[in-house]
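What follows is a single structure, written as structure tokens, with notes after it.
The values are calculated or read from the model by the stated rules, or taken from the named source; none is laboratory data. The model shown is predicted, which means the values in this text are computed figures rather than measured ones. Glycine gets a Cβ as well: all are built from the backbone with ideal geometry, and neighbour counts include every protein chain shown.
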Amino acid sequence: MRVKGNLRSGLLVAASAAALMAPGYAAAQEAQTTADPVGGDQGDTTSEDPAVSGEEIVVTGIRASQARAINVKRNADSVVDAISAEDIGKLPDVTISDSLQRIPGVQVRREAGEGGAINIRGLPQVTTLLNGEEFLGANSVTTVQPNFNDVPSQLFAGATVFKSPTASLQQAGLSGTVDLLTRRPFDLKQGLTAAGSIEALYGDKTEKWNPSANALVAYNGGRFGILISGAYSKVDLSNSFRGIQDYGVALRNEGGSATNPGDFAVGNGGVSRGTPVLRNGAIIGYDVNGDGDANDAFVTPQSHTAWNRITSRERLGLNGSLQFQINDALTFTADGFYTKQTQYDRTAGFQFQDVDWQTAPFLPTASRDTGAVVNGFNLNTVQTYDYDMPNFDSYAETFRVKSESQNYNAQLKFDNGGPLKATVRGLYGKASRKSDQSYLQFNLTNGAQWAYSGVGNYPSGDVRFNPGGYPVYSQPATVDYSSGTVNFGFPQAFLTQTQDISRYGLKTISSENNVYRNGDLWAVRGDAEWELGTGFSVKFGGRYGERSVEQFTFDRVSPFYAGNTDNPGNPAAGCLVKWKAFDVNLTDPNCSVRDAAGNAYTAGYTRLANDAIFNGRLKQYALPAKGAPTLWVLDPKQMDNSEAFQNEFYPGSINLVNPADSFSMELRQTSGYVQVDGEGEVFGLPFRANGGVRVVNTKFDVRQNIVGAPQPYGVSGVDAGDVVTKRSFTDFLPAFNASLDLSSKLRFRVAYAKTMTLLDFLQWGGGLNINYAIDTTTNPPIFAAQGGNSRGNPALEPWRSDNVEASLELYTGRSSLIAVGAFHLSVDSFIENATIVRNDIPDNDGVIRRPVPINTVVQGAGGSLKGIEVSARQSLTDYGVGGFLGGFGIDANYTLSLGDTGRVDLAGNKQPFQDNSKHQVNAALWYEQGPLQARIAYNYRSKRLNASDYGGISGLAVYQRPTSYLDASIAFDVNDHVTLYGQASNLTGEYERYYLTFPDQALWDNIYERRFTAGVRARF
């Protein structure tokens, strides 16, 4: 396929401020705007007359969209797959990501039930393009992996996935590239085109109807065209959870020594766990599982939970395009693409954990020895626990995420029919994502286990925390995962208490890990092609682009007791506190606040849930786990405005930077390529080939904050200045693609490419962030360093890979294809998570007391990814089948993806690349006859690696169990202009289930709902 566009003089390349339609995009667009999209001529059939090519748009429906996608694949210069909209505003599924998962090798993670982040062939290092050039999305300001949940799918004509790049594809991903294609006026028929639809969306758990609408208006005057389209939706998605809370787990040991007799020693409340094990008359541990020794370790969570979450997304997208045929050779195109989304994640649930998260309140009552040994102890999975009830919270949490992106493009194409062709292009993008969090927690215990035995010390006098609360350590609860999901058992006295709103005590209010991200990019590029004759041509071009990112992470901290006269040594400004909690006592010598008797004041002020300030603000929630009681919880909507809510309870809150997770980065890339295209015959068989090299020079400056002395009460360490790192590296990236037509229907392809993809910017710019927990075993209690994350390392190398693949493609009809392919990716530079132990991390009071495990990113030693892809797109009409049966067709594929990172988990299993599934199946059976269209689609993924080294424990991996989804749609054309349609997703009510290395160590369930859509579409 050739790029359309000629140039009389090379001066235009340097002089023009507009831009090029990139070769890969041109191929995809030309295939989609063919005069006969299902015609037999599979060559370059794009008409020079926009009026002729524009007639394609009236050919709609499943069969036509499948034919267009097949044309894209057959005409491409490399290995590609595509999806095409069935009609204006109608991609095959609810989201772009859901549609892309129908392509072989594309794997999708669902977020609140909708398709979100995607992988290609098991790797997330995927570049996203918009009409052939870099796209800056609000969900990928700092990341590489695409996530399209904020991008309305109705604005797109289709998408192309490049599995193997050409040298001229100047923005290529490590394992693949996704090119999103919008419509332009010259793609449509001459004259006025108008289309639109309105929809009602319903979820079977939210039980709410939501609106959605989209519209397109375009005018194609032959030499001038303009198009405007927009899409709006507002959805409420049920997104619930049950199981072990994702705070992490620990391995609790039975044994120790005479001075430290293990984690199950007699603890808070005098509760004894296990049978004492003696050595020389001294207790050296406690036998928990009854095997007579103290040699076992148990997977013990920090917290169990169940919660309901409603994810609400209000999404707006706008697309505009203007085209002008300046003369017979020169065409100008300008595009603008805008998205805006406000998302609320409103959570109501409960959690229970130990007071300080450091001892082992969960007593294993049923366990299994896995045969693995960790630190000299036999590792046991746990199926049931007893819990001594020292701490039980109902809580509400709200995340508000505001995201916005703008992408603009201007391009000039010049074609006078001569041998020299060239184009130029310029683009600008801007995106922001602002995430605000707010949290409130009620506790149902009496607080006797906390400092001062549940009595808070305030300037106005002492206040008991929750005098009617549940007496701690009186009767245990049970937690049962033996069925693969969690079931709870609570004492009847406790269940009775949960129904009485007056027996809930306010414990904690906080707002932490708020993240504001801003980014922009601009680029200019020029491309040219010189046709040498005899079927050969030379393509060459260059590109320069800049991209900047800034991340500001902060906590909302509040001042306490400023100018307290009882303590002359107290700073006039008071003490800043992150966790405004009853169990935070202002004892830290760096900023202590005490009364005249020397007793420290309590930070978080407690109130009972029936206090007047909560009137009408609490609701009862039934939570998604067997045995879970109905609980009173603050309505999370009350915290939609996090800053206002925090100030209502604790005035004067300050947005205080977390320097470890705040950074900025400036990136500059200069690239150029040369590529030779040729076609001819080998042994009488037609072939096409291209080969070339792309050279990319990357420079970046990353500014990280130096984290200084730790601050008391959860406040982030001091911002002690900046450190700036400058990097520069150059990559030579050859690419070769060839195809041989073994017959008129059978094509063989081979491809080789060396690829490079940048890291997520956080992996270069993030700093060290320490996690603290209250240690009540000290006097006074302190915030102890329990672990941390070092998210960035500017010395890391980008991802690099050598990719080889081959495929056979059998085109059996206009809408029919069978393809088999094999691929091998040799990743010679990848990033992996690791845990290191540091001995220089102080507790919150500045004293170093213990080694601290730090999760960080390190340079991996390399790995490989290999597999096969099999796909079949078939329409029975292509085989002469008529009548009722002739309306049927299939679109099915299977991907085998075998990844080897060189690492194993604690069960001895080889660990694949994160997010990769070994097996993936997509199968859609469709029917189209007369005015009726219907489809039922099935998607399956085998187990997926979610995370490695969970809880900082080497080899302890989180896996998602095999998951499958069933979706369906139906449409009926009332006449040539109006269509009624319906769609259903997740018909079987599937949810995601996770486990920890061993299948009998259940972790959690993500529970989604069935979704239904009814709509009407009109086109003129």
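Overview of results
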quantity: Pairs with Cβ under 6 Å, 6+ apart, first in the stretch 991-1007 and among the β-branched types (V, I, T) and at pLDDT 95 or above, second surrounded by 23 or more Cβ atoms within 10 Å (Cβ to Cβ) and in a loop (DSSP other than H, G, I, E, B); calculated: T997/L956; T997/A957
quantity: Criterion violated by Q929 - all others in (1) surrounded by 16 or more Cβ atoms within 10 Å (Cβ to Cβ); (2) touching a helix residue (DSSP H, G or I) at 6+ places or on another chain (Cβ under 6 Å); (3) farther than 24 Å from L759 by Cβ satisfied; calculated: (1)
quantity: Test: residue in the stretch 854-876 that is of a type in the set (G, A, S), surrounded by 16 or more Cβ atoms within 10 Å (Cβ to Cβ), farther than 30 Å from A751 by Cβ and modelled with pLDDT of 85 or more; calculated: no
quantity: Pair list, Cβ < 8 Å and 6+ apart or interchain, from the stretch 76-92 residues that are among the hydroxyl-bearing types (S, T, Y) to residues that are in a loop (DSSP other than H, G, I, E, B); calculated: S78/K163; S78/S164; S78/P165; S78/T166; S78/L169
quantity: Wholly enclosed strands (runs of 3 or more DSSP E) of the stretch 646-720 bearing at least 3 residues farther than 30 Å from G535 by Cα and at pLDDT below 90; calculated: 685-707
quantity: Single match in D840, D878, D891, D845 (criterion: acidic (D, E), part of a strand (DSSP E or B) and over 26 Å from T997 (Cβ atoms)); calculated: D891
quantity: Residues that are among the small types (G, A, S) and either more than 12 Å from R252 (Cα to Cα) or part of a strand (DSSP E or B) (or both), drawn from the stretch 275-296; calculated: G281, A282, G285, G290, G292
quantity: Test set (1) more than 30 Å from C591 (Cβ to Cβ); (2) touching a residue at least 12 places away in the same chain (Cβ under 8 Å); (3) not in a strand (DSSP E or B) - G883 fails condition number; calculated: (2)
quantity: Residues that are surrounded by fewer than 20 Cβ atoms within 10 Å (Cβ to Cβ) and either free of Cβ contacts under 8 Å to residues at least 40 places away in the same chain or in contact with a helix residue (DSSP H, G or I) (Cβ under 6 Å, 6 or more places away or on another chain) (or both), drawn from the stretch 577-606; calculated: S592, R594, A596, A597, G598
quantity: Hits in the stretch 457-489 (condition: in contact with a helix residue (DSSP H, G or I) (Cβ under 8 Å, 6 or more places away or on another chain), crowded, with 19+ Cβ neighbours inside 10 Å and assigned to a loop (DSSP other than H, G, I, E, B)); calculated: F465, N466, G469, V472
quantity: Residues satisfying the stated conditions in the stretch 821-847, i.e. of a type in the set (A, V, I, L, M, F, W, C) and farther than 17 Å from A76 by Cβ; calculated: A822, L825, V827, F830, I831, A834, I836, V837, I841, V847
quantity: The stretch 279-309 - residue that is closer than 30 Å to N1006 by Cβ and among the aliphatic types (A, V, I, L, M) and, of those, surrounded by the fewest Cβ atoms within 10 Å (Cβ to Cβ); calculated: A297
quantity: Top-ranked residue of the stretch 790-811 - restricted to ones that are surrounded by 16 or more Cβ atoms within 10 Å (Cβ to Cβ) and among the acidic types (D, E), ranked as nearest to the chain's Cα centre (by Cα); calculated: E805
quantity: Matching residues in the stretch 892-934 - criterion: being over 23 Å from the mean Cα position of the chain (by Cα), modelled with pLDDT under 95 and among the charged types (D, E, K, R); calculated: R903, D905, K910
quantity: Residues (hydrophobic (A, V, I, L, M, F, W, C) and under 23 Å from A231 (Cβ atoms)) located in the stretch 71-114; calculated: A82, I83, A85, I88, L91, V94, I96, L100, I103, V106, V108, A112
quantity: Counted residues, the stretch 292-321 - those being within 30 Å of A231 (Cα to Cα) and acidic (D, E); calculated: 1
quantity: Some residue of the stretch 419-426 being surrounded by 23 or more Cβ atoms within 10 Å (Cβ to Cβ) and of a type in the set (S, T, Y); calculated: yes
quantity: Enumeration of residues in the stretch 636-646 that are among the polar types (S, T, N, Q) and crowded, with 17+ Cβ neighbours inside 10 Å; calculated: Q638, S642, Q646
quantity: Strands (runs of 3 or more DSSP E) wholly inside the stretch 67-125 containing at least 1 residues that are within 23 Å of G813 (Cβ to Cβ); calculated: 80-84
quantity: Residue check for A172: modelled with pLDDT of 95 or more, out of contact with any Cys (no Cβ under 9 Å at 6 or more places or on another chain) and at negative phi; calculated: no
quantity: Qualifying residue in the stretch 330-353 (condition: assigned to a loop (DSSP other than H, G, I, E, B), farther than 21 Å from L440 by Cβ and either of a type outside the set (S, T, N, Q) or modelled with pLDDT under 95 (or both)); calculated: no
quantity: Criterion: surrounded by 23 or more Cβ atoms within 10 Å (Cβ to Cβ) and either touching a Phe, Trp or Tyr at 6+ places or on another chain (Cβ under 9 Å) or at pLDDT 95 or above (or both) - qualifying residue of S312, S321; calculated: S321
quantity: Condition met for K421 (charged (D, E, K, R), part of a strand (DSSP E or B) and touching a Gly at 6+ places or on another chain (Cβ under 7 Å)); calculated: yes
quantity: Residue among I88, I103, I83 that is more than 21 Å from G982 (Cβ to Cβ), surrounded by 24 or more Cβ atoms within 10 Å (Cβ to Cβ) and β-branched (V, I, T); calculated: I103
quantity: The lone exception for L956 - which of (1) of a type in the set (A, V, I, L, M); (2) surrounded by fewer than 20 Cβ atoms within 10 Å (Cβ to Cβ); (3) within 30 Å of S801 (Cα to Cα) it fails; calculated: (2)
quantity: Exclusive hit being farther than 16 Å from P559 by Cβ and surrounded by fewer than 22 Cβ atoms within 10 Å (Cβ to Cβ), set F614, F649, F663; calculated: F614
quantity: Subset of the stretch 130-179 [closer than 23 Å to A67 by Cα and part of a strand (DSSP E or B)]; calculated: L130, F156, A157, G158, A159, T160, V161, F162, G176, T177, V178, D179
quantity: Failed item in (1) closer than 27 Å to Q170 by Cβ; (2) touching a Leu at 6+ places or on another chain (Cβ under 8 Å), with E679 passing the rest; calculated: (2)
quantity: Search result, residues across the stretch 812-841 that are more than 33 Å from the chain's Cα centre (by Cα) and either surrounded by fewer than 22 Cβ atoms within 10 Å (Cβ to Cβ) or free of Cβ contacts under 8 Å to residues at least 60 places away in the same chain (or both); calculated: T812, G813, R814, N839, D840
quantity: Matching residues in the stretch 702-742 - criterion: being more than 28 Å from L758 (Cβ to Cβ) and of a type in the set (D, E, K, R); calculated: D741
